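Readers should treat all values here as calculations from the given coordinates under stated rules, not as data from a laboratory. This is a predicted model, so every value here is computed, not measured. Because the Cβ atoms are built from the backbone with ideal geometry, glycine has one as well, and the counts that use them run over all protein chains shown.
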Amino acid sequence: MIDLFSLALTHGLLLLMAVRLMSRDDLDRDPPAGQEPMEP
């Protein structure tokens, strides 16, 4: 029971991280050449 819970929890957190990462707008644009990357 605990093994199933730990697997579901970790995979759920990984899925949440992937969804939040893919929804970021700054991942789709490259900064212009010669400029420093934007700070978060």
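Side notes on the structure shown:
- Karplus-derived 3J(HN,Hα) values for segment 16-23, using 6.51 cos²θ - 1.76 cosθ + 1.60 with θ = phi - 60°, are 4, 5, 5, 5, 5, 5, 6, 8 Hz; glycine and proline are entered as x.
- Taken about its Cα centre, the chain carries a charge dipole of about 200 debye when Lys and Arg each add +1 at the Cβ and Asp and Glu each add -1 at the Cβ.
- Here the simple spin-label model places points 7 Å from the Cα toward Cβ, and for ARG20 and ALA33 these points are separated by 3.6 nm.
- Sum of -39500 (n - 2.57) over DSSP H runs of 4+, divided by residues of the chain (222 nm, nearest 500): -18000 deg cm²/dmol
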